[in-house]
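The values are calculated or read from the model by the stated rules, or taken from the named source; none is laboratory data. No experiment lies behind these values; they were computed from the predicted model shown. Because the Cβ atoms are built from the backbone with ideal geometry, glycine has one as well, and the counts that use them run over all protein chains shown.
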Amino acid sequence: MTDIVLHHYPASPFAEKIRLLLGYKRASWYSVEIPMMMPKPKLMPLTGGYRKTPVLQIAADIYCDTALILDELHQRLPDPLLLDEAKLSDIALAAYADSSLFAASVSWAFQPSSMADFFQGRSDDFVQAFLADRKALRASSIVPRPSLGQAKDRLELALAALENQLSDCRSFVWGTSPARADFSLFHPLWFIQQAKSVAGILDAYPQVGLWLDRMRAFGHGQPQPISADEALALAAQSTPLAIDNHAKASLQTAQVAEGLQLDAWVEVKPSDYGLDPVRGRLCFADSKRITIAREVEGLGLLHVHFPQAGYQLSVCKHAPDS
Ligand SMILES: N[C@@H](CCC(=O)N[C@@H](CS)C(=O)NCC(=O)O)C(=O)O
């Protein structure tokens, strides 16, 4: 098994989703702590502009977005328990939790009365810089952050439904083993638990509380801290996994008609918020993922992977500089 490197920071809920998955898989992994806000000078060479947290690196392959990271880790560290064949209900519930529920949990957790829970020991300058960074991140967003009142309504609906789902004493959302939906539902609620002054909203849901404990018990596996420079060196020493011709041939005719031939200069960007484009040559696209090749000074060839769902892929009008 090649080394797993997770670029993340402790307070990130989406990173917690992946840390917990690594715990569930009892994985040993390398942990690179990245800045909570821009600039991220040692991450950008790897991703080519994608700035969200977390990012998974396996040698010279870089995986963006936890939906894809979860699938990739599940493929590389298979286990008989996690639902192998994704069911539509599982994918849909995970997508709802990662978007609508996550946005509600951020609005709820970041109330004026709970800001101190997150920023204890941080300078005023840090807090102001962080808030400005997140405002800029959301500036181009197509999903407005819910108001506090809306967030409360959304959370109560979700918590009551989850309580109901778990009320037949099943261990996890779909039964005896955790699935995508469990990991996606966990991280927004974990984030609320970190905001101690407003976490009381969870108290009325005892089954949810027991499920949160059960999930948390997976832990984080065996993380070993490494520096960002060491992670860059791992990328520089390696070449990306080969993409076989059969897989390449799966590029859809409809996409080719749109100019998305293999080796075309393309850009990929999220379609919700943080719309920073990543440019490179298209080397693979199927129903699940998009892969682009980037030649990076000092690092050589990297493959950067994105999920299809939630990302826009388009042909670049001009060839990028790198
Ligand atoms: N769809 C992305 C969302 C990731 C995301 O929004 N992460 C937050 C942190 S939890 C983020 O990137 N915040 C800005 C930053 O870390 O710079 C995923 O599933 O990975």
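Descriptive notes on the structure:
- Any hit, segment 162-170, residues being crowded, with 19+ Cβ neighbours inside 10 Å, outside the structural domain of PHE14 (by TED's automatic domain parsing) and assigned to a helix (DSSP H, G or I): yes
- Taking (1) within 16 Å of the ligand (Cβ to nearest atom); (2) touching a helix residue (DSSP H, G or I) at 6+ places or on another chain (Cβ under 7 Å) in turn, GLY298 satisfies each apart from (1).
- Within the set LEU70, LEU20, the sole residue that is away from the ligand (no atom under 11 Å from the Cβ) and closer than 26 Å to ALA92 by Cβ turns out to be LEU20.
Residue-by-condition table, conditions (1) surrounded by fewer than 21 Cβ atoms within 10 Å (Cβ to Cβ); (2) hydrophobic (A, V, I, L, M, F, W, C); (3) touching a residue at least 40 places away in the same chain (Cβ under 8 Å); (4) at positive phi:
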| site | (1), (2), (3), (4) |
| --- | --- |
| SER12 | yes, no, yes, no |
| ARG26 | yes, no, yes, yes |
| PRO35 | yes, no, no, no |
| GLY48 | no, no, yes, yes |
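- Any hit, segment 143-150, residues being in contact (Cβ under 8 Å) with a residue 40 or more places away in the chain and part of a helix (DSSP H, G or I): yes
- Flag: ARG180 matches the condition of being in contact (Cβ under 8 Å) with a residue 24 or more places away in the chain, within 14 Å of the ligand (Cβ to nearest atom) and more than 22 Å from ARG51 (Cα to Cα).
- Looking only at residues of segment 23-41 that are more than 12 Å from the ligand (Cβ to nearest atom) and assigned to a loop (DSSP other than H, G, I, E, B), we find that the one that is nearest to ALA97 (Cα to Cα) is LYS25.
- Looking across segment 57-114, the residues that are of a type in the set (Asp, Glu), out of contact with any Leu (no Cβ under 9 Å at 6 or more places or on another chain) and not in a helix (DSSP H, G or I) come down to ASP65, ASP79, ASP84, GLU85.
- Criterion (among the small types (Gly, Ala, Ser) and within 16 Å of the ligand (Cβ to nearest atom)) met by exactly one of ALA104, ALA160: ALA104
- Helices (runs of 4 or more DSSP H) contained in segment 203-260 and holding at least 1 residues over 28 Å from ILE62 (Cβ atoms) and at pLDDT 95 or above: 206-216
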